[in-house]
1. Using the structure shown, select from LYS9/LYS29; LYS20/LYS40; LYS40/LYS61 the pairs with a Cα to Cα distance greater than 31 angstrom.
2. How do the peptides 31-43, 56-68 rank, highest first, by the average count of neighbouring beta carbon atoms within 10 Å per residue?
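Any read-out appearing in this document is the output of simple, stated calculations on the displayed coordinates, not a laboratory observation. All of these numbers come straight from a predicted model, not from anything done at the bench. For neighbour counting, all protein chains shown are included, and Cβ atoms are generated from backbone atoms with ideal geometry for every residue, glycine included.
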Amino acid sequence: MAIEVNIRKWGNSMGIILPKEIIKKEGLKENEKILIDIFKEADLSKMFGTLKRKLSGQEFKDMVREGWGI
């Protein structure tokens, strides 16, 4: 099950809070050990860039054809 949570400062440590619905659904109890997979959100705009303006399908095809020298 995947859920999105925020990391918060907790004294000198950091922690997450699990929503009550997840605790009930999974039957979690205090002091139980659980396994957590961590995935950071990716900002793909740095990798792929962003379009400065929207192009129509035809404008995009024309731009690609110019690059191919057709």
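1. Pairs exceeding the cut-off: LYS40/LYS61.
2. Packing proxy ranking, top to bottom: 56-68, 31-43.
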